[in-house]
Every structure is written in C-alpha cells, then in structure tokens.
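Shown next, in structure tokens, is the structure this report addresses.
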Amino acid sequence: MEIPAKYNPALTEDKWYKYWMENKFFHSEPDEREPYTVVIPPPNVTGVLHMGHMLNNTIQDILVRRARMQGKNACWVPGTDHASIATEAKVVAKLKEEGIDKNTLSREEFLDHAWEWKEKHGGIILEQLKKLGASCDWERTKFTMDNEMSDSVINVFVDLYKKGLIYRGVRMVNWDPQAKTAVSDEEVNHKEVQSKLYYVRYKVEGEDVYVTIATTRPETILGDTAVCVHPDDERFKSLQGKNALVPLVNRTIPIIKDEYVDKEFGTGALKITPAHDIHDYEIGDKHNLETIDIFNDDGTLNESAQLYIGEDRFEARKLIVKDLEDAGHIVKIEDYVNKVGYSERTDAVIEPKLSMQWFCTMENLAKPALDNVLNDNVQFHPAKFKNTYKHWMGNVKDWCVSRQLWWGQRIPAYYLPEGGYVVAKTPEEALELAKEKTGNTNLSINDLRQDEDVLDTWFSSWLWPISVFNGINEPDNKDFNYYYPTNDLVTAPEILFFWVARMIMAGYEYHGEKPFKNVYLTGIVRDHLRRKMSKSLGNSPDPIELMKIYGADGVRVGMLLCSPAGGDLLFDENLTEQGRNFGNKIWNAFRLVKSWEVDETIEQPESAKKAIEWFKHKLNSEIENINGLYEKFRLSEALMAVYKLFWDEFSSWFLELIKPAYQKPIDKITIDQTLEIFDILVKLLHPIMPFITEEIWQLLDDRKPGESIMIEKMPESEKYSSEIIEAFERAKEIITGVRNIRKERNIAQKESLSLLANGEYDKYYDSCIKKMCNLSSFEPVDQKLEGAVSFMVKSAEFYIELGDLVDVEEELKKLNEELEYNKGFLKSVVKKLSNDRFVQNAPEQVVNIEKQKRDDAESKIKVLKERIASLN
C-alpha cells in the first residue's frame, strides 16, 4: 500500500473512531480480568467543550487507554449533569424569546419544555468528546435525571431523613436573586470590591442626641430592628437601655449591648438587621429581636420596607442615600474595600436571606471522609491538596440541599392538611405514613401537597460513582460489585469540596468503602497573562477549531506539554503546533522506514547489529521510567520521556545508524527488528496519540478485520544493561566531537576522515562511530599527535589530521576555553566534596558520583595542559 506523503488527521480520526465504535472496543462487561474504572466528571447538560474539558478528558483517556492495553477490563462511564440552575436559566431564556413567561406555566408544562430542550441540546458535549478520541463506554452513558439515577437520589434523601441527618428549618441562606434560589456556601465566590462606607446617624428617642453607625448597605436600614453597642464601651454607656428611631421611617428600635461588637470598627455602634446579615441574625436570635425581611425573591424591595417598594436593591441604595443626605442623616461617606459574595452560577451578588430550607447534617458524614484521605486510602495527586481538604472538612457546615427551582429531583416531602409533613419515596408511601401520623384513614393523595423545591444538583452528583452502577437501588448487583470502587478520578481543585469530598462521604456512608483510589487534580487552564480562560474574556480558543487545525493528537500532546498535576496550565497554541509537528515526525520516520528496499541476501552490518542492541536496552530502560511516571501520575513527564525517546534516540540516532547508503537496500534482519521496535514505540505512544498510532500500526503489517492497537498488549520492560546504555552515550560524545570539527572546518559529511584515539575508551561501538562519522579509519595511538585537531571524551583524546587545515591559534583558543571551563567545573565539585554535611548525609552512591566527576575533571585538565604545551 502506498503511504501518503502527509498525514491527514481529518480523514484518519473519523475513520478509526468509527472502526473502534463498530467493534465495541470501548464497551466493558464484568469478566475475570482486573477491572479499571473511571467515571467522567459529568459536564453540565447545557455545556459545550471548553479547554478545561479538553485537559480533563485527555488525561482520563490516556489513563483508560493505557489500562486497557495493560490487559485490564477498562470501563470509562460517560454522562451529563442536569445542572438545575444553569439549565433552568437557559430554558427560561428560550421561553422568553418565544414570548412565554415561566410564571404563566404549570410545573408540568415547564418541565415538558425543559426535557425538550435537553433532548435537543443535551448531547452536544458528549459528541464533541468523541472528536477528542475519548474511549468512553457510550452504551453506559448516564444522565443525572434518568429514572434510575433519580430513584437513587430520592432513596438517599429518605434514608438520611430517617437517620436524622436531613432536617427542615428557617436559616440564613445565600440567596441568588437572579436564579431565585438558595445556594450553598461552596457556590459563593467572594470578591474584593471598591465600596462605600456610609456613616448614618440615628436619633435617640425623646432626646436631642444621635448615635452614628457605619454600613456598606444603607438600603437595609429599612429592615433594622436594633442598634447594638459593646457593654464596656464608655462612649455609649448613657444610651444603653434607650431606644433609637430608624431614619426616614421613624420606627422605634432598642439600643442593646453585646460583646460581639468590635469597639474599634466604624463608630463602635452597629445597626442590626436580622433578616439580611448572618451575624445580625445570630444577635437577633439571642436578643429575641423582630425580623423584618424587606426583599422580594428577585432582590426588589417589598411592602415591609415601607419605602422604594418594587425598586431593585442597588437602585434603592442610590435613592436612600440621597434621601438620607437631604434629611441630614449622612455624617460622611468613605471609600472602602470589602469582600462581597457572588453566585458561582449567575454571578449575581448574593443576598443573605432567612428562608425555610432543607439541610443535611455533615459532621458525622465528614469524619470517615476526612480520616480516609489523611491515611491515604484515597490518595490526592498532588498530595498538597490534603491540607486544603483537611481544613475544609474540619470546619464543615450543614449543607443546604433545597433549591427553589422546578428542574431537578423534587423533594419527597408531603405536607399534611392539618400541618406537619411526612417524607417518603412515593406519593402512595407518603399517604400510608400520613394516615399513620394523623390517625385519619380517610386521607387521600389529593389531600397531600408535595414540597415545591428540588434538590441541589450536587445532591445527585455526590452519588455518581455509585449510582452509575445502580449501587444505591440494588447494592448487590453484578456491575456494582465488579466495578466499584472505581480507580482514578480526574477533576479540578475548585470542585474538591462541591463534589470530591461529598462523593467520598457518600461512598463511606452507603458502602463503607472509598469511591475511588486516586484523585488526580488538574490545574486551571490560563492564558499567557495567567487569566483563567473563559468565553466572557474572549481568551479561550474553540477546542473543536483547534482540532481541525492541529488534529486531535496534536491538541492532546499540546495540552499535556503544559499541564503539571495541580499546577495551572499556561496554554500556548504553539504547543499544539508542537504536538502536530511531533505527529509529522512520527509519520515521516514511518514513511522513511517503509520506503527502504529490502535485500534478503545481504548480511547485517555490524553497526546496525550494535545499534539494535543498544536501542533495545535504551527502550527497556525508558519503558521502566515511563511506567514509574504513570504510577506517580506525572503524565506530562511521561509524555516528555516517550517524546524524547522517539525524537532524539529513535529518529536522530537509531534510524541514522541503521539507514542504508543512498539508493542501497537494507538487510532483512535489520528491517524486521526496526519494524518490531516501531511497533513497540507506537504502542507506548497510543494512549497519548490514539489516531496516528492506530493508522501507523495498521500499516506496519497485514492486519485482520477487528484488530486494533488499542487492544494490543502494552510493552513491558525487559532486562536491560545500564552499562551498555552508558557506553553508547560515550560513543555519542565521540560522534558529536567529530561532527563539531566537520562543522567548524566546513568539511562535508561525504568526505571521509581518519580518527585516532589516545587513551582508554570503550571500543564496543567503533562500528557505529565509523558509520556515523564517515571514517575511512579509526585507530588507536599511544602518543600525543602534533599538528592535528582534537577533542576529549572523559580522559581519552581523539585526533583528526587535517594537515594545513589546522589553525594553531584557533586550536589553542578552543583548548584554553575548554581548560577554563573544566577548572571551573572541578572547583564546584571540590567545594561540594569539602562540605562535611553533604559527604556525611548524602547517599554513598551520590558521593561516589561526585568523586568520579572530580577524577574525570582532573584527568581532562592534565591532558588539556599537555596538549596546549605541545602546540605552543
């Protein structure tokens, strides 16, 4: 078959992905093999592929493809998350475009629209992952609102309620006025902003005296129910026990005392608004203060505010400041930097709000999840994230699990006609419980009213490694027993607590077992200015377009070239170009090898025989190194190791060593062994570059239908000799020495040279040196050679006689420069060996290496001095 001059990713990628799918290579069923399981961090069903997905899924695919080639039963479960807030917002926006207001629809009508939207748009990101080469078991694709998945969520809610770990109550929550729902503490981003600090004076009731407070939120004055001072603050002793009047509305409120007040902040007097500040709420609860909620769910002011009714909170702020100034209540206004909470989902400013919500008690769930990370039953890569995790888990707060939305799993709580509620999996079970609880056997399902709220999206995704195998509903099923616990989770550090911690909690709560063995935490993809890549900044390339330009393999390599575990990835499109160039290098090397004419009658040259021997030892050494890097999750380094092995060792050295002379054939033994080596190299590369390696592997030999590199055995390291590898490194130095002389003297490679050697060196690779340097002879001499150019390798000196071509002055300059370098090197080594601490504490092997360096440098200096003396 004629091999195309250029590799075409567009044709190759679609062809082989279709082939893999048709042959069901990605599909897994339980069998006698060791399972290797990965569950995808389910992207939002609203999502399209971005650079973070590219990084995350490239890493997962590398791990999965490698495990499959190691003979494991690899199962990578894909799926999407229903993403309550994001999806509901998309559907509401779509309805608005069609002239439909959500508030005019029934719950069922709205959900019909939502499911229609999901069916139309929900599969986009999974189809895009196929372009990347993701070898997911697509037959196992899950969606967090599939019936089986939703049943798991409801069953867990009911179970935790029965255990007393789910409760309902009025608490101060983080309210997102744009999404009109509560969000958890972890879904709030705190940003430093430039604000104003307003000093406002309140009249003391019945006196011509004022007390001044400082606030960043003057609009909440309308919800004040007290002024609070520190009991030991002498400035306010005379005011304790008196009342003040709320500015503009003149409502009487008490002046109370509490040690919570910081005497040094602001004026030392606080306004207390229990409905709109968590600390004020706690003080209000302690002092039994009235609570006045002045905000509607959308952040506008309600009737309780008395003023600015219907105005947005930020517009009301402008209006009240003007009115306070006009009424003489503003003392001064200062610039002020403070932290403000923003919704992670909508970026709206969070409003602290008292609300009746459902909560999950976390303390007992958190303990085993913390213990089993600290004792490394679950290992984080990099391990530095253990400290972050420990801090958070040690200060865990109860989880607000209810959301004021329609898209999601509806809370299975049913309210009774006479008050109270029951929690049950189905309306039928709820009715039976209601009859028991009330003693009223005449109750019907129509008498019960189900809670309107849905559960937090994370309340479904915390069960993901269990629920994808139906391990909640059927805990002893075949799939779950085989695939759980999963092996490796690849995710981002920013959802360590949203998701990872909670999955570990769920794993121990429901199966007494970790959900995964390893957590590989990727960095954030940033641009060259270190800004997080995002659509809003316009600094994120479209991954699909990148793959069109550079091919999926090129993009995969590019992502890995700049992605240390847990360190931020500074993305540079040049790296994807480098990835494509590497693919071209592999392709061109393959074409070269396949272009050689083979003559079965000629003998194998000694240089080729030695080259093959060396490369096999080098290959086995690198396979061992690469495996070690994978085991430590140092994937970028594993890529670089195989990259250098192919580019530097195989292409630049090995192929040059075995390449036949121009228009001459190659012998059968050498070509067969070279193709075997190529076979091993493409297998090592396959997890990283699946498409080009499949294309080459299929062309390397005659393949039968149904064969594929992806189900071939991953090469294992065999016995190798470090001495043989090291000996060839010395041979490389000799070859490089000759090449440097050719370059300096402008001597073409086709002109043969004679090389002479004085001193001890390993002659094993002389045949390789002769071939690579185009030497007519390579002989030993037992004395210094006058009038020749020279170079040194360790303590041996090598000469090339060039007659009149030798420039003595130039040669002396070069030798003196080399002498000064070696003197400096010797000085640094002697300094290290003079350090008693180093000699006593460093491993013996390390100290011996330094001593060898010293001896080599001393020998080299001696020879260089003699050589300089002979030329003077």
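The values are calculated or read from the model by the stated rules, or taken from the named source; none is laboratory data. What you see is a predicted model; the values in this text were computed from it and never measured. Here Cβ is always computed from backbone atoms with ideal geometry, including for glycine, and neighbour counts include all displayed protein chains. The accessibility values were calculated without ligands, DNA or RNA, using every heavy atom of the protein model including side chains. Shrake-Rupley method; radii C 1.70, N 1.55, O 1.52, S 1.80 Å.
Legend: distances between Cα atoms for Lys339/Lys532; Lys130/Lys397; Lys96/Lys130; Lys180/Lys386; pairs beyond 31 Å are Lys130/Lys397; Lys96/Lys130; Lys180/Lys386.
Rounded to 0.05, the FRET efficiency of the Ser828 and Glu729 pair, given R0 = 22 Å and the Cβ-Cβ distance, is 0.50.
If both residues of a DSSP beta bridge must be in the chain, then about 70% of such bridges are antiparallel. Based on Cα contacts under 8 Å between residues 6+ apart, region 767-834 shows a relative contact order of 17 percent. Determine the alpha carbon to alpha carbon distance for each of Lys831/Lys862; Lys24/Lys632; Lys242/Lys353 and list only those over 22 Å. Over 22 Å apart, Cα to Cα: Lys24/Lys632; Lys242/Lys353. Can you give me the C-alpha center-to-center distance between region 1-35 and region 49-103, rounded to a whole angstrom? If you average the Cα positions of each part, the centres end up 22 Å apart. Taken along the Cα-to-beta-carbon direction at a fixed 7 Å, the label points for Glu603 and Tyr19 span 4.1 nm.
For region 785-872, which chymotrypsin sites (Phe, Trp or Tyr not before Pro) are in a loop by DSSP, counting at most 14 other Cβ atoms within 10 Å? Please report the intermediate quantities before stating the final value.
Working: sites: Phe791, Phe798, Tyr799, Tyr821, Phe825, Phe838; in loops: none.
Filter output for region 785-872: empty list.
Surface composition of the chain: carbon plus sulfur atoms contribute 47% of the solvent-accessible area (1.4 Å probe, protein chains only, all chains present).
With an 8 Å Cα cut-off and a minimum separation of 6 or more residues, compute the relative contact order for the chain in percent.
Details: 1452 pairs, mean separation 105.2, N = 872.
Here the relative contact order equals 12 percent.
In this simple spin-label approximation, Asp185 and Tyr210 carry label points 7 Å from Cα along the Cα→Cβ vector, and these lie 3.8 nm apart. Which ³J(HN,Hα) values in Hz, rounded to whole numbers, follow from the phi angles of region 151-164 under the Karplus curve 6.51 cos²θ - 1.76 cosθ + 1.60, where θ = phi - 60° and Gly and Pro get x? Karplus values, whole Hz, x for Gly and Pro: 4, 4, 4, 5, 4, 5, 4, 4, 4, 5, 5, 5, 7, x. Between Ile333 and Lys386, how high is the FRET efficiency from 1/(1 + (r/R0)^6) when r is the Cβ-Cβ distance and R₀ = 56 Å? Nearest 0.05. Given R0 = 56 Å and the Cβ-Cβ separation, E is 0.75.
What does the charge count around Val422 come to, taking other residues whose C-beta lies under 13 Å from its C-beta (Lys +1, Arg +1, Asp -1, Glu -1)? Summing Lys and Arg as +1 and Asp and Glu as -1 gives -1. A DSSP coil position with no more than 16 other Cβ atoms inside 10 Å describes the following chymotrypsin sites (Phe, Trp or Tyr not before Pro) in region 612-710: Tyr662. Within the set of other residues whose C-beta is less than 13 Å from the C-beta of Phe314, count the net charge using Lys and Arg as +1 and Asp and Glu as -1. So the environment of Phe314 carries a net charge of -1. Relative to the Cα centre, the charge distribution of the chain, modelled as +1 at Lys and Arg Cβ and -1 at Asp and Glu Cβ, gives a dipole magnitude of about 1520 debye.
Are there trypsin sites (Lys or Arg not before Pro) in region 392-479 that DSSP puts in a loop and that have at most 14 other Cβ atoms within 10 Å, and which ones?
Values: sites: Lys397, Arg403, Arg410, Lys425, Lys435, Lys437, Arg449, Lys478; in loops: Lys397, Lys425.
Passing both the DSSP loop test and the Cβ count: Lys397, Lys425.
Excluding Lys616 itself, calculate the net charge of residues whose Cβ lies under 12 Å from the Cβ of Lys616, where each Lys or Arg counts +1 and each Asp or Glu counts -1. Please report the intermediate quantities before stating the final value.
Details: positive: Lys609, Lys610, Lys618, Lys719; negative: Glu613, Glu622, Glu649, Glu676, Glu718.
Here the count lands on -1.
For Glu428 and Lys96 in one chain, what is 0.36 nm times their gap in residues minus the Cα-Cα distance, to one decimal in nm?
Numbers: separation 332, 0.36 × 332 = 119.52 nm, distance 3.65 nm.
Here the answer is 115.9 nm.
Say a paramagnetic label sat at a point 7 Å from the Cα of Asn8, along Cα to Cβ; which residues of region 674-698 have their backbone N under 19 Å from it? Residues 691-698 qualify, since their backbone N sits under 19 Å from the label point. For region 301-443, averaging the sequence separation of C-alpha pairs within contact (under 8 Å, six or more residues apart) and dividing by the residue count gives a relative contact order of 13 percent. Treating r as the C-beta distance of Arg531 and Asp648 and R0 as 41 Å, the FRET efficiency rounds to 0.75.
With both labels modelled 7 Å from their Cα along Cα-to-Cβ, the Glu786 to Lys763 distance reads 2.7 nm.
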